């Protein structure tokens, strides 16, 4: 029996995502959803919730947690800017 070449169908990037990203977004805390609406980067609901929980645990305040996420995002943008736009 000849073996068929499946290409990259088994690669992790090509697997279908499980779950519904919109329903995952809808289940997020309202303060986090409000922050995500103004975010500059496309956060996944899972990573946003993980960072939110950690920030909320550290700060104990939703406003401070949102500020922490803004700082995380600013760091990501600063790190990615040279690769995206070249040296500024």
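Read the figures in this text as sums done on the coordinates, not as results from a lab. What you see is a predicted model, and the numbers here were worked out from it, not measured in a lab. So basically every Cβ, Gly included, is an ideal-geometry build from the backbone, and we count neighbours across all protein chains shown.
A few remarks follow.
- The range 35-88 - convex hull of the alpha-carbon atoms, volume per residue in Å³: 83
- Annotation for residue 33 and residue 80: the two label points, set 7 Å from Cα along the Cα-Cβ direction, are 2.4 nm apart.
- Stretchable slack from residue 67 to residue 24, in nm (0.36 nm times residue separation minus alpha-carbon distance): 13.2 nm
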